[in-house]
Amino acid sequence: MAGNSSRKGAVRTSKKGPSSGSGGNNKKRLSGKGPTPKAEDRPYHAAAKRKKAASKDTRERAPRQKSARPKGGGELVAGRNAVVEALREGVPAIELIVARSIDVDDRITESLQLALSAHLPIREVHRAEVEGLSGSSQGILLAIKPYQYSSFEEIMQRAPKPNLIVALDGVTDPRNLGAVVRSAAAFGAHGVVMTERRAAAMTASAWKSSAGAAARLPIAQVTNLARTIEEAKELGCFVIGLDGEADKNLNEMKVAKESIMIVVGSEGKGLSRLVREKCDLVVSIPMRATTESLNASVATSIALYWVDEQRRS
């Protein structure tokens with residue numbers, strides 16, 4: 001009978017003395033509240049706070065996908081060192097882009113000063129936009145103008161006789177390209193010709209390596225170097241290829257005072273087979289150590305120096 005204190009279990013005994021049961025009133029409490037929620041779903045748990053912060057960060061970074069590149073279609077130079085070096089060398093630029101609340105150091109200060117001196121527009125944007133445009137987290141970008149190439153025909157029309165042209169057969173390192181342009185300008189060449197595909201272009205890196213020579217010397221891109229060599233021959237150029245394995249060396253070249261096109265091969269493979277066959281003469285640069293080799297820009301510099309010396313004599 002319910003409530004009968006004489007029934008077994010109706011009265012509980014503990015150290016504090018006998019106590020009566022609830023009579024079934026607490027039965028719902030004993031049924032439990034279901035499985036324990038995940039840590040990230042509990043509002044006051046550290047895991048839940050991290051999840052919320054990550055979600056907020058994602059919302060803040062969302063504009064990265066909507067960021068528009070600067071007008072002009074040029075290259076973007078990212079990073080504090082790269083930007084200040086490009087500005088020092090006077091690389092033609094469209095605008096300087098700086099993130100808001102950026103940590104200012106000497107490089108940022110100099111970049112801003114150089115941009116102001118050059119009357120270059122400075123645009124301040126959200127840091128997420130800078131990262132979205134370039135992937136760089138250093139908070140500064142320099143938008144570079146597209147390089148204005150000449151045509152091979154324009155170079156040959158402007159070049160006096162005897163002319164001196166440098167042609168690059170697949171040089172892929174932009175720093176080598178810039179160094180070749182610099183040497184070509186230093187030793188009186190009238191232009192540089194290079195292929196459009198599978199070769200370096202006049203990027204900011206190449207421009208910096210040229211030390212400003214790219215602004216003074218016309219550079220042309222051609223689709224077919226072998227065909228361009230044939231055109232150069234028709235215009236009176238003697239075509240000389242540089243190859244470390246050639247039987248004849250540079251000292252044996254007797255046409256330095258004629259109109260010349262010097263063709264330089266790529267860093268690894270040298271002259272391609274077809275281009276080599278098109279050359280009137282293929283020469284090597286004599287070296288004391290036969291096991292050593294020269295990169296494209298150094299070989300070009302030596303050949304141009306030798307031609308310039310012969311023309312001076």
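The values are calculated or read from the model by the stated rules, or taken from the named source; none is laboratory data. What you are looking at is a predicted structure, and each value in this text was computed from that prediction instead of being measured. No Cβ is skipped: glycine too gets one built from the backbone with ideal geometry, and neighbour counts run over all protein chains shown.
Of the residues Ala211, Ala200, Ala204, the single one that is under 23 Å from Leu142 (Cα atoms), at pLDDT below 95, in contact with a helix residue (DSSP H, G or I) (Cβ under 7 Å, 6 or more places away or on another chain) and surrounded by fewer than 18 Cβ atoms within 10 Å (Cβ to Cβ) is Ala211.
For segment 136-164, the tally of residues that are among the β-branched types (Val, Ile, Thr), under 17 Å from Phe238 (Cβ atoms) and in contact with a Phe, Trp or Tyr (Cβ under 9 Å, 6 or more places away or on another chain) stands at 0.
Here are some residues: Arg127, Arg197, Arg175. Which one is in contact (Cβ under 8 Å) with a residue 24 or more places away in the chain, out of contact with any Ser or Thr (no Cβ under 6 Å at 6 or more places or on another chain), assigned by TED's automatic domain parsing to the domain that holds Ala299 and of a type in the set (D, E, K, R)? Lay out the reasoning, then the answer.
On the way: Arg127 fails: assigned by TED's automatic domain parsing to the domain that holds Ala299; Arg175 fails: out of contact with any Ser or Thr (no Cβ under 6 Å at 6 or more places or on another chain).
On inspection, the qualifying residue turns out to be Arg197.
Residues in segment 142-164 that are outside any loop (DSSP other than H, G, I, E, B) and in contact (Cβ under 8 Å) with a residue 12 or more places away in the chain: Leu142, Ala143, Ile144, Ser150, Phe152, Glu154, Ile155, Met156, Arg158, Leu164.
Looking only at strands (runs of 3 or more DSSP E) that fall completely inside segment 42-141, which ones have 3 or more residues that are touching a Gly at 6+ places or on another chain (Cβ under 9 Å) and modelled with pLDDT of 75 or more?
Working: elements: 76-78, 93-99, 122-125.
Once the strands (runs of 3 or more DSSP E) in segment 42-141 are filtered for at least 3 residues that are touching a Gly at 6+ places or on another chain (Cβ under 9 Å) and modelled with pLDDT of 75 or more, what remains is 93-99.
Which residue is nearest to the chain's Cα centre (by Cα), if the candidates are limited to segment 111-162 and must be more than 30 Å from Thr223 (Cα to Cα) and charged (D, E, K, R)? Per the criteria, the residue is Glu131.
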